[in-house]
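Everything on this sheet refers to the single structure shown next.
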């Protein structure tokens, strides 16, 4: 059994991976140790949220004893980390630490909030973060939202596509200020918001929307905007590929090459790098050049189908779990 443990929702990344593993025939369970309120169920509807009661300690111990892989995402609260260390001392389970987002720049090989466990495998999300944690195995996230994935090609097929009209989806994210994971700042928000007044551009700003619903909405639009500040990108960009959108982000050559190599792809994803001071200019170009827009959209969907389907990503993790 693959046992996933985390102290936060991390945009549903751990929960989606566990769900995809179950779909591929593996036993998988996801425990999240902080109760993040409504977003807990929005991002990961199958999550288990233990508390400090004796009955939950017994349940947690039983889950660890059943696990063949213990996959820790980011960090754990000390209370449960202590129990995990005790249980792992008697277990032959593979011990995997998965760094989704370093909170600060640190020297290479040094990460923050390091759980006090001897790891068999250390993983970093294959975006910008690998540049500061370059002894970790770079792997992509897994986007798995079953109903939206089934709907996606059907919605894309019926999507209207007209010159002079452009549907844009922007979903503001958390305000992290870390160097490689900063997602928002006032200038960026102002640049995106100014698009509301551009003729022919229909901007939808998503707030507090269920991920399945938002993903289907992307499929009905033309462009997905990810953060434009750090040289990296986030799960929003994956969803844009799945939706067959033109994806705007700030992925630099190092981030894209890391991603390509982690996927074993023959090319980087077809993102458009767009700094915040060029948002309106870039969207105007896409609005007016229908042939270019359609070409990038088709390439986005093809890239997702070729390299980012859940079964393929799950297989990458299975290979990483087996590393010596």
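A few comments on the model shown:
- Scanning region 297-311 for residues that are more than 18 Å from the chain's Cα centre (by Cα) and surrounded by 20 or more Cβ atoms within 10 Å (Cβ to Cβ) yields one hit, 297.
- Only one of 279, 314 that is at pLDDT below 95 and surrounded by 20 or more Cβ atoms within 10 Å (Cβ to Cβ): 279
- Test: residue in region 221-232 that is modelled with pLDDT of 85 or more and within 15 Å of residue 151 (Cα to Cα): yes
- One residue stands out among those in region 199-220 that are part of a loop (DSSP other than H, G, I, E, B) and at pLDDT 90 or above: the one that is surrounded by the most Cβ atoms within 10 Å (Cβ to Cβ), which is 200.
- Some residue of region 243-253 being over 17 Å from the mean Cα position of the chain (by Cα) and modelled with pLDDT under 95: yes
- Unique match (being surrounded by fewer than 20 Cβ atoms within 10 Å (Cβ to Cβ) and modelled with pLDDT of 90 or more) among 153, 160: 153
- If you go through region 77-103 and keep only what is modelled with pLDDT of 85 or more, over 17 Å from residue 17 (Cα atoms) and crowded, with 22+ Cβ neighbours inside 10 Å, you end up with just 84.
The values are calculated or read from the model by the stated rules, or taken from the named source; none is laboratory data. Since the structure is predicted, the reported quantities are computational estimates derived from the model, not experimental observations. Don't worry about glycine lacking a Cβ; one is built from the backbone with ideal geometry, like all the others, and counts go over all protein chains shown.
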